[in-house]
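Structure first, then comments.
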Amino acid sequence: MQNDNGIQVLVTKDPLDVRQACAAVADPANGGIDMFVGVVRDNHLGQSVTGITYDVHETLAAEELMKICREAQGIWPQAKYFAAHYQGYLDVGGISVLIAASAPHREEAFESCRYIIEEIKKRLPVWKKEHYIDGESAWLPGHSLVSAEEDDDDDDHAACCGRCGTHG
Amino acid sequence: MKTVTITMRLYGAFRKYQDSLTLSVPAGSPVAAIKEALGKALGPQAKDLVMDSVIADDRAILPPGFVIDRDSSLSVLPPVCGG
C-alpha cells in the first residue's frame, strides 16, 4: 500500500475489499463516495469465460496508480482517492479493480472516479489472459504505450477504446 | 567494444516466448536499439508485438533515445489492458 496526502493505492494478490476502499476515502468534509468495482464477467466476444489471469508489473503499476490519482487530485483537489488492482488469477465474479473517490459533492466524486478508471484502462501495466470453458486461453489486446515513451503529453483523456475486453 | 548485459522481463503476450531473457548489446546503446535486439532474439513472429511495446525500468517507461551504459534489469511492456 502506498499513501500520499489523501491518496492510497494498492497492487495486491489478496482479495480486494470494498469496505477497505470506502473506509480509505471516508472524510467528514466529503458528502459523497463514488466507487467503481471491476469484476470478471463470464463472457467475451461470444466465448464462455471461466476466469482471468492478471499479469502485472507490480512496481510500475503502483507508481502509475499513484500518478493517475495525483492527476485527479490536481483536477478535484478536495477529493480523496483509493485505487487498487488485483494481481493473479480470478474466477468469474472476482474483483479485479477497485476505485473509491470521496468528495464534498457527488459531481466531483463521479467525475474523479470515472477519470481514474479510464486512465487505468489506457495506462496501467496490466495484462489479461482470459481462460475459456473449453480449456483454451488467450491474452487480450490492449492499448499500446508507445506514445507514452516519447512523452506523457497524451492528447486527451478520452474513454477507453473498448478493445481490451472488460468494460464493466 | 564494451558490451552490457540486459536482463529483460517479459509480460503479457510475451510470456508465450519466455518469462525473461538476457541480451548483450554495446554499451551506450539507446533503448531503440535494445528493442531491436529484443525483436531479433524473439524472432519475426514477435515483430509486431515488439513494435507496439515499450521498454521500462522499475520507475518509468524509457524513451527510445535513452542510453543504457551499464548492466541493467529492464522490462518490455506490450499493449496494456488493466481494469
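The values are calculated or read from the model by the stated rules, or taken from the named source; none is laboratory data. This one's a predicted model, so the numbers in the text were calculated from it and none came from an experiment. Here Cβ is always computed from backbone atoms with ideal geometry, including for glycine, and neighbour counts include all displayed protein chains.
So which of A:G88, A:G74, A:G94 is surrounded by 15 or more Cβ atoms within 10 Å (Cβ to Cβ) and among the small types (G, A, S)?
Every option except A:G94 fails the conditions.
Can you tell me which residue among B:M1, B:M51 is at pLDDT below 95 and over 29 Å from A:L98 (Cβ atoms)?
B:M1
Going by what's in this entry, would A:I117 be described as in a helix (DSSP H, G or I) and either modelled with pLDDT under 95 or under 24 Å from B:Y11 (Cβ atoms) (or both)?
Taking the combined requirement at face value, the residue satisfies it.
Residue pairs, Cβ under 6 Å, 6 or more apart or interchain, first in segment B:70-83 and small (G, A, S), second assigned to a strand (DSSP E or B). List them.
These pairs meet every condition: B:S72/B:I6; B:S73/B:T7; B:S75/B:R9; B:S75/B:A56; B:G82/A:V126; B:G83/A:G38; B:G83/A:V97.
Taking the conditions exactly as written (of a type outside the set (V, I, T) and touching a Ser or Thr at 6+ places or on another chain (Cβ under 8 Å)), does A:L10 satisfy them or not?
No, not satisfied.
Return the residues of segment A:67-81 that are touching a Gly at 6+ places or on another chain (Cβ under 8 Å), closer than 30 Å to A:E130 by Cβ and part of a helix (DSSP H, G or I); say none if nothing qualifies.
Scanning segment A:67-81 gives no hits.
In chain B, which strands (runs of 3 or more DSSP E) lie fully inside it and hold 1 or more residues that are touching a strand residue (DSSP E or B) at 6+ places or on another chain (Cβ under 6 Å) and away from chain A (no Cβ under 14 Å)?
The qualifying strands (runs of 3 or more DSSP E) are B:3-10, B:20-26, B:72-77.
Tell me, which residue of segment A:131-156 that is more than 10 Å from every other protein chain (Cβ to nearest Cβ) and modelled with pLDDT of 95 or more is surrounded by the fewest Cβ atoms within 10 Å (Cβ to Cβ)?
Step by step, filter segment A:131-156, then rank; the result is A:G135.
In segment A:80-99, which residues are more than 18 Å from A:I120 (Cα to Cα) and either touching a helix residue (DSSP H, G or I) at 6+ places or on another chain (Cβ under 8 Å) or charged (D, E, K, R) (or both)?
A:D91
Given the residues A:A23, A:A101, A:A61, which is the only one that is touching a Phe, Trp or Tyr at 6+ places or on another chain (Cβ under 6 Å) and among the hydrophobic types (A, V, I, L, M, F, W, C)?
Result of the check over A:A23, A:A101, A:A61: A:A101.
Tell me which residues, restricted to segment A:35-61, are assigned to a strand (DSSP E or B), out of contact with any helix residue (DSSP H, G or I) (no Cβ under 8 Å at 6 or more places or on another chain) and of a type in the set (V, I, T).
A:V39, A:V49, A:T50, A:I52, A:T53, A:V56
Kindly establish whether A:E63 is within 14 Å of chain B (Cβ to nearest Cβ) and among the acidic types (D, E).
Yes: the conditions hold for A:E63.
Which of the numbered conditions does A:E64 fail, given that it passes all the others? Conditions: (1) surrounded by fewer than 16 Cβ atoms within 10 Å (Cβ to Cβ); (2) charged (D, E, K, R); (3) in a helix (DSSP H, G or I).
(1)
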